[in-house]
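The block underneath contains the structure these notes are about, expressed in structure tokens.
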Amino acid sequence: MSVDVYLNFNGNCREAVQFYSKVFKQEITQLMTFGDIPDAPGEAQREDTKNLIMHARLQISGSNVMFSDVFPSMPFTAGNNITLALVSTDRNEIESAYEQLKVGGTVAMELQETFWSKCYGMITDQFGINWQFSQVEESN
């Protein structure tokens, strides 16, 4: 299990990831655009979002730092653009933390299967901290 920091940007995520990659001399280990998302039935991709970054990751001094552009229909507030991401192979651990942290908070996305995770969800806890939960496959 790890708790990783997730940084959100207002359309300039690609530039930020490239900058931090250079500063910390690290390879960008993951980079996915909103255009990489499979279309939902009856929904077409918006041309203005296809090249925005949905997810990118760097290893900085032994920590995962993840990055994303905020989708244009979602609000962006500088200073409130940091999320903690609980990443684990243990679904029970994710469900337990999710259930406890959502008490008194606001659910942005119920735990559910996505194309990138068997169990993913998002909440803002009672103290205003944004959390993401993601079940990952065990690495060999």
**OP:** Exactly one condition in (1) of a type in the set (G, A, S); (2) touching a Phe, Trp or Tyr at 6+ places or on another chain (Cβ under 9 Å); (3) surrounded by 12 or more Cβ atoms within 10 Å (Cβ to Cβ) is not met by S21; state its number.
**Re:** (2)
Original post:
In region 97-140, what count of residues is obtained for those that are open to solvent by 40 Å² or more (accessible area, probe 1.4 Å) and not in a strand (DSSP E or B)?
Top reply: 19
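Residue by residue through region 70-86, note down the ones that are assigned to a strand (DSSP E or B), open to solvent by 30 Å² or more (accessible area, probe 1.4 Å) and either free of Cβ contacts under 8 Å to residues at least 40 places away in the same chain or under 15 Å from F133 (Cβ atoms) (or both).
Going residue by residue through region 70-86, those that are assigned to a strand (DSSP E or B) are 82-86.
Retained after the next criterion (residues that are open to solvent by 30 Å² or more (accessible area, probe 1.4 Å)): 82, 84.
Listed by number, the list holds a single entry, L84.
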Original post:
Mind checking whether some residue in region 50-69 is surrounded by 17 or more Cβ atoms within 10 Å (Cβ to Cβ), at negative phi and in a loop (DSSP other than H, G, I, E, B)?
Top reply: yes
Original post:
If you go through region 3-26 one residue at a time, how many are more than 28 Å from T89 (Cα to Cα) and not in a helix (DSSP H, G or I)?
Top reply: 4
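Go over the candidates D36, D69 one by one and state the one that is in contact with a Cys (Cβ under 7 Å, 6 or more places away or on another chain) and of a type outside the set (A, V, I, L, M).
Details: D36 fails: in contact with a Cys (Cβ under 7 Å, 6 or more places away or on another chain).
Only one candidate qualifies: D69.
Is it true that S61 is among the polar types (S, T, N, Q), over 12 Å from the mean Cα position of the chain (by Cα) and closer than 16 Å to Y6 by Cα?
Values: among the polar types (S, T, N, Q): yes; over 12 Å from the mean Cα position of the chain (by Cα): yes; closer than 16 Å to Y6 by Cα: yes.
Yes; evaluated as a whole, the condition is true for this residue.
Conditions tested, residue by residue: (1) crowded, with 17+ Cβ neighbours inside 10 Å; (2) within 23 Å of A78 (Cα to Cα); (3) under 15 Å from the mean Cα position of the chain (by Cα).
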| residue | (1), (2), (3) |
| --- | --- |
| V5 | no, yes, yes |
| N12 | no, yes, no |
| Q26 | no, no, no |
| T33 | yes, yes, yes |
| P38 | no, no, no |
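The values are calculated or read from the model by the stated rules, or taken from the named source; none is laboratory data. Note that this is a predicted model, so its numbers are computed, not measured. When we count neighbours, we look across all protein chains shown, and the Cβ atoms used for this are built from the backbone with ideal geometry, even at glycine. In case anyone asks, the SASA skips ligands and DNA or RNA and just uses the protein heavy atoms, side chains included. Shrake-Rupley method; radii C 1.70, N 1.55, O 1.52, S 1.80 Å.
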